[in-house]
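**Student:** What follows is a single structure, and I will ask about it in a moment.
The values are calculated or read from the model by the stated rules, or taken from the named source; none is laboratory data. Note that the coordinates shown come from a computational prediction; the quantities given were computed from them, not determined experimentally. Glycine gets a Cβ as well: all are built from the backbone with ideal geometry, and neighbour counts include every protein chain shown. With ligands, DNA and RNA removed, areas are computed over all heavy atoms of the protein, side chains included. Shrake-Rupley method; radii C 1.70, N 1.55, O 1.52, S 1.80 Å.
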Amino acid sequence: MIRKPIILLTGGAGYIGSHTYVALTEAQFQPLILDDFSNSNPVVLDRLERITGQAVPCHRGSVLNTELVAELLKVHAIEAVVHFAGFKAVGESVAQPLKYFDNNLGGMISLLKAMENAACHTLVFSSSATVYGDPATVPITEDFPRSHTNPYGHTKLVCEDMIAAVCQANAAWRAGVLRYFNPVGAHPSGLIGEDPNGPPNNLMPYVSQVAVGKRPFLHVFGNDYPTPDGTGVRDYIHVQDLAQAHVAALQALLLGDNGFTVNIGTGQGYSVLDVVSAFEQASGKPVPYQLAPRRPGDVARCYADPALARHLLSWSANHTLLSMCEDTWRWQSNNPEGYRLLE
Ligand code: UD1
């Protein structure tokens, strides 16, 4: 029997990690989750077992524990790591920058040390379009200048630099840096999805909580941007397409690719009001909204040129905005309290 490559998913119980877990299982990898459950719920493990029909290997622990990570890498003969673990709330990062530097930068350093120690040199990193700051033009290509407007974005930028430095120092490293645009949607089973703590910061989970009746209306942050309807335009990408991008990245690296940094988006921009009307169509529910001032730090338009990922990884997104909304709605309406209500 051929041994399946074992892949460590740091933060594998989180929103993107859990969807990637399923995609990797379907692609004949054997993922292993490392998660401290600081921003995820162990119920997700039962859901993953239901979807995959297999036991879900998981270690509860922190990526900051270098010895633990090195031990896992060695004991399980892990071939590659996908590093999802990290904090991601922009506003919180402004209020508590040290929390972000400690966890996101400390976690990256700890992981790189553990991987070096265990001679596991294949890494896929969850970066973000936030590294482009306020882009001068759209669509954005990977050679655009990088900048940051908040500590969260700063940590993504510095993590990219740390990875580049270790790759420079030791030719054994192979790293794939994936710059996600706006991940949304859920697994079509409705069993796993995004489960924010408290009021959502991001648009799609907020819209879905309005549609399900948990919140009375959406605040639309600004309608005077230089966009077709005046509201902010983003590149929403289905989390299922994003999960497939991780599969493609790992396959390329394990086949000997030296490494890459690629945008993971659809290349298509949609406004806040486009999302509202697509969600109303998908859910059959009204999504009332009120206009509110611009949110500080927001940019008018942000969408990818995804050609490099198509060229290097033979990957491209294929879910529509409507299917992103339909899958979000299935998850939200089946789990109005997220993972918090045990069955
Ligand atoms: C945000 C972060 C980004 C991070 C990403 C992670 C900011 C400024 N940016 O991206 O760094 O990588 O999340 O997922 O926080 N909107 C509303 N009402 C709402 C929420 C959002 O009108 O209640 C609008 C925003 O103004 C924006 C669009 O919806 O035009 C998308 O917002 P959001 O989902 O928060 O994503 P980003 O701001 O693109």
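**Student:** Comparing ASN170, ASN104, ASN41, which has the greatest mean-square fluctuation in the GNM of the chain with Cα pairs linked when under 10 Å apart?
**Tutor:** Its mean-square fluctuation being the largest, the pick is ASN170.
**Student:** Another question about this same structure. Provide the net charge surrounding ASN197, with neighbours chosen by a C-beta distance below 13 Å and charges set as Lys +1, Arg +1, Asp -1, Glu -1.
**Tutor:** Residues near ASN197 contribute -2 overall.
**Student:** List the residues whose amide H sits under 5 Å from the amide H of ALA80, counting only those 5 or more places along or on another chain, with H placed 1.01 Å from N in the peptide plane.
**Tutor:** Those qualifying (amide H under 5 Å, at least 5 residues apart or on another chain) are LEU8.
**Student:** Also: Indicate, rounded to the nearest 5 percent, the antiparallel portion of the DSSP beta bridges found entirely in the chain.
**Tutor:** If we restrict to bridges inside the chain, about 5 percent are antiparallel.
**Student:** Quick one: in segment 143-229, what % of C-alpha pairs are over 18 Å apart?
**Tutor:** 67
**Student:** Rounded to the nearest 500 deg cm²/dmol, what is the calculated helix-only ellipticity per residue at 222 nm for the chain, with -39500 (n - 2.57) per DSSP H run of length n ≥ 4?
**Tutor:** Value at 222 nm, helices only: -11500 deg cm²/dmol.
**Student:** Amide H of ALA304: which non-local residues (sequence gap of 5 or more, or other chain) have their own amide H closer than 5 Å, using H built in the peptide plane?
**Tutor:** Counting only residues 5 or more places away or on other chains, the set is ILE140, THR266, GLY267, GLN268.
**Student:** Quick one: pull the percent of accessible area on segment 6-342 belonging to carbon and sulfur, 1.4 Å probe, ligands and nucleic acids left out.
**Tutor:** 51
**Student:** Along the charge dipole of segment 6-342, pointing to its positive end and built from +1/-1 on Cβ of Lys, Arg, Asp and Glu, which listed residue (LEU45, LEU111, VAL262) has its Cα farthest out?
**Tutor:** It is LEU45, whose Cα lies furthest towards the positive end.
**Student:** Compute the separation of the alpha-carbon centres of segment 156-195 and segment 222-289 and state it in Å as a whole number.
**Tutor:** Here the answer is 16 Å between Cα centres.
**Student:** Rank these by accessible area, largest first, 1.4 Å probe: SER147, SER38, SER271.
**Tutor:** Ranking SER147, SER38, SER271 by accessible area, largest first, yields SER38, SER147, SER271.
**Student:** Continuing with this model, one more query. Tally Lys/Arg at +1 and Asp/Glu at -1 over every other residue whose Cβ is under 12 Å from the Cβ of ALA245; what's the total?
**Tutor:** The answer is +1.
**Student:** Non-local amide H neighbours of SER128 (under 5 Å, H modeled in plane, Pro and chain starts lacking H): which ones?
**Tutor:** Residues meeting the criterion, in which the H sits 1.01 Å from N, are TYR180.
**Student:** Further question on the same structure: With every protein chain kept in the model, how would you rank SER323, SER316 by accessible area, 1.4 Å probe, largest at the top?
**Tutor:** Result of the area sort, largest leading: SER316, SER323.
**Student:** Which listed residue (LEU308, CYS159, GLN281) has the Cα farthest towards the positive end of the charge dipole for segment 6-342, taking +1 on Lys and Arg C-beta and -1 on Asp and Glu C-beta about the Cα centre?
**Tutor:** Positive-end residue among those listed: GLN281.
**Student:** If you place +1 on the Cβ of every Lys and Arg, -1 on the Cβ of every Asp and Glu, and leave all else neutral, what size is the dipole of segment 109-264 about its Cα centre, to the nearest 20 Debye?
**Tutor:** Charge dipole of segment 109-264: 320 debye, to the nearest 20.
**Student:** Taking springs between alpha-carbon atoms closer than 10 angstrom, which of HIS219, HIS154, HIS121 fluctuates most in the Gaussian network model of the chain?
**Tutor:** Between HIS219, HIS154, HIS121, it is HIS219 that shows the largest mean-square fluctuation.
**Student:** Something else about it: Taking the chain as a Gaussian network, Cα atoms linked when under 10 Å apart, which of THR66, THR227, THR20 shows the biggest mean-square fluctuation?
**Tutor:** It is THR227.
**Student:** Percent relative contact order of the chain, based on C-alpha pairs within less than 8 angstrom and at least six residues apart?
**Tutor:** 19
**Student:** To continue, here is another question. With a probe of 1.4 Å, find how much accessible area segment 6-342 has per residue, and write the answer as a whole number in Å².
**Tutor:** On a per-residue basis, segment 6-342 sits at 41 Å².
**Student:** Using the Cβ atoms and a cut-off under 14 Å, what net charge is assigned to the surroundings of VAL276, where Lys and Arg are +1 and Asp and Glu are -1?
**Tutor:** Every neighbour counted, the sum reads 0.
**Student:** Measure out, as a whole number of angstrom, how far apart the alpha-carbon centroids of segment 1-26 and segment 313-343 sit.
**Tutor:** 18
**Student:** Using the Cα centre of the chain as the reference point, and only Cβ charges (+1 on K/R, -1 on D/E), how large is the resulting charge dipole? Debye, rounded to the nearest 20.
**Tutor:** Around 200 debye, computed over the chain.
**Student:** If N is the number of residues in segment 106-180, what value comes out of its Cα radius of gyration divided by 2.2 N^0.38 Å?
**Tutor:** Scaled against compact globular proteins, the figure is 1.17.
**Student:** To the nearest 0.05, what FRET efficiency results for LEU322 and LEU64 with a Förster distance of 35 Å applied to their C-beta separation?
**Tutor:** 0.30
**Student:** Right, another one. What is the magnitude of the charge dipole of segment 144-213 about its Cα centre, with +1 placed on the Cβ of each Lys and Arg, -1 on the Cβ of each Asp and Glu, and no other charges, expressed in debye to the nearest 20?
**Tutor:** 200
**Student:** I'd like to know how the chain sits against the 2.2 N^0.38 Å rule of thumb: what's its Cα Rg over that expected value?
**Tutor:** Ratio of Cα Rg to 2.2 N^0.38 Å: 0.95.
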